[in-house]
Amino acid sequence: MRDDSASYYDSREFTELLDMYENMLADGSSVYFDSMDIANIAEYYSINGDWDKSDGAIEYGLRLHPSDADILISKANNLLRRGFKDEARVLTESISDPDNQELLYLKGEIELAFDRPDDADAYFTQAVELSDNDPGMFNDIIVKYMDNRNYDLCQKWLDMALVLYPDSRNFIELQADLYFDTNQADTAIEWYNHLLDEFAYDTYYWDQLGRIYYEKNDYSKARECFEFIEAIEPDDKSARMMKASCIFNMDDWKGAYDIYKELLDEDPSSYTLLYYCGRCLYEMERYDDAYDKFMDTLAMLMLDDDVPQEMYVEIYYYIADTAHRTGRKEQAERCLHDGLALDPNDEDLLELSKKILS
C-alpha cells in the first residue's frame, strides 16, 4: 500500500502557516492561531516524529483555546501513537463533543489498539454517518483496518465505499491492495491491470504486479514489470534490484551480475549486493573472484549487529567452498568450522565437510 500522507501538509497554505508558527517561536512573540490550525501543526510534527514540538504546539494551543476539542483530540492522538492507549482513552472520554466525527474516529482507533474491532466499528460507523459518507473518512477507516490486518472489516468498508464511489481510483487501488495483502494473487493481478489500463505510467501498480509474479515464480513476467518501471523512472534502484533478482532466478548469471555490479559501484557499502555479485561469480565458476566477494561480504556483515545467524551460516558455506576449490585449505577448514559452530545440523555444510575433510 502506498503512502499518500503528504497532501495538505505539502500545500503552500500549510507551509506558510507552519513558517508563521516557527517564526513566532524563534522571535519569542505571541501570535493568535485558530484552534484547527494549531491542531494541524501538532499533527504535522507528530507524523514526523517530532513529539516535543507537537507537545509544544498543543500546550500553546490550549493556552489560546482552553479545553478546545480539536486540540485535545490532537493530544490524545499523540498519546495513542506513543503507545499510551489508556491515557488516550481517558482523555477522549473527557471531551464533551458527541457530534465530533474526528473524536469518534479516534475512539475507534483506540478500541482497535485494545484489540476490540467490533467496538471500533461502531465508532467508525458513527463517524462516517456524521461525515455524510465523506470519502476521506472511508479511506482512513479502510487503511486503518488494513494496517491492523482486520481484513474482513476492511472488505466490508471497501464494499460500501465502492458502491458509493464506484469510479474512485483510490478505492479501486485499495481493493487491489487488499487482494495483494490477502494473497489473492490472480484477483489482484486483474485489479492492478484494470488500473494500468487507465494509468499506464503509475510505477506503483507495475511494482505490485511485478512482486506478485515474482512470488508466483513467474520471473519472466515479473522482469517485464520491473523493466516498465525502469523505462518510466530510469533511476529507480529498487526496480533494477528486483529485475536483477528475476534474472538471477532465471539462471542468467552474467546478466544478473552485470546489474548487481553496476548497483554495487553506486553503493559499495551494500553487503547484499556484494553477496549476490559473489553468488553470480560462483555460478559462473569464477571461484577466485567469488571468494574475494564473499570475504568482503563477511567483513561487512561483521559491522552490522542485526545480521541474522542464517546469513553467517550461508556466507561461511560459500567461503569454505570457494576456498576449497581454489586451494585455500586452511581457510576452507576454518570457515567450515565457524559455520558448523553456528549450525551443527546445516545439511549443506555437512555435505561440504565430506569434501574438505576427506
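Toward the positive end of the charge dipole of the stretch 23-89, about the Cα centre and with charges on Cβ (Lys, Arg +1; Asp, Glu -1), which of 78, 32, 65 goes farthest? Going by the Cα projections, it comes out as 78.
Which Cα, out of 51, 238, 155, lies furthest along the positive dipole direction of the chain (beta carbon charges, K/R +1, D/E -1)? It is 238, whose Cα lies furthest towards the positive end. Working note: 222 nm ellipticity from helices only, DSSP H runs with n ≥ 4, each -39,500 (n - 2.57), summed and divided by the residues of the chain, gives -24000 deg cm²/dmol to the nearest 500. Ligands, DNA and RNA left out, the 1.4 Å accessible surface of the stretch 69-185 is 45% carbon and sulfur atoms. Of the solvent-accessible surface of the stretch 233-358, computed with a 1.4 Å probe and all protein chains present, 46% belongs to carbon and sulfur. Between residue 261 and residue 337, the contour length at 0.36 nm per residue exceeds the alpha carbon distance by 24.3 nm. Place +1 on the Cβ of every Lys and Arg and -1 on the Cβ of every Asp and Glu in the chain, take the dipole about the Cα centre, and give the residue among 327, 8, 250 whose Cα lies farthest towards its positive end. The residue sitting farthest along the positive end of the dipole is 327. Applying 1/(1 + (r/R0)^6) with R0 = 51 Å to the Cβ-Cβ distance of residue 215 and residue 51 gives a FRET efficiency near 0.85. Averaging the sequence gap over all C-alpha pairs within less than 8 Å and six or more residues apart, then dividing by the number of residues, gives the chain a relative contact order of 6 percent.
Computed extension length for residue 326-residue 167: 51.0 nm, one decimal, from 0.36 nm per residue of separation with the Cα-Cα distance subtracted.
Placing a label point 7 Å from the Cα of residue 156 along the Cα-to-Cβ direction, the residues of the stretch 113-148 with a backbone N closer than 11 Å are 117-125. Within the chain, all pairs of alpha-carbon atoms sorted by distance into 10 Å bins from zero give the percentages 5, 17, 20, 20, 19, 13, 6, 1, 0. Per residue, the chain exposes 53 Å² of accessible surface when a 1.4 Å probe is rolled over the protein heavy atoms with every protein chain present.
Computing Rg and the Kirkwood Rh from the Cα coordinates of the stretch 6-71 gives a ratio, Rg/Rh, of 0.93. The charge dipole of the stretch 160-227, taken about the Cα centre with unit charges on the Cβ atoms of Lys, Arg (+1) and Asp, Glu (-1), comes to about 120 debye, rounded to the nearest 20. Roughly what % of Cα-Cα distances in the stretch 6-155 sit above 24 Å, to the whole percent? The answer is 34 percent, as a whole percent.
Global dimensions of the stretch 89-162 from alpha-carbon coordinates: Rg and Dmax equal 11.6, 35 Å.
Think of each Lys and Arg Cβ as +1 and each Asp and Glu Cβ as -1; about the Cα centre, that makes the dipole of the stretch 283-334 roughly 320 debye. Charge dipole of the chain (Cα centre as origin; +1 on each Lys and Arg Cβ, -1 on each Asp and Glu Cβ, all else neutral): 1120 debye, rounded to the nearest 20. Once both labels are positioned 7 Å from their Cα atoms along Cα-to-Cβ, the gap between residue 194 and residue 116 label points is 3.6 nm.
The values are calculated or read from the model by the stated rules, or taken from the named source; none is laboratory data. None of the values given here were measured: they were computed from a predicted structure. Please note: Cβ atoms are built from the backbone with ideal geometry, for glycine as well, and neighbour counts cover all protein chains shown. Ligands, DNA and RNA are excluded from the accessible area calculation, which covers all protein heavy atoms including side chains. Shrake-Rupley method; radii C 1.70, N 1.55, O 1.52, S 1.80 Å.
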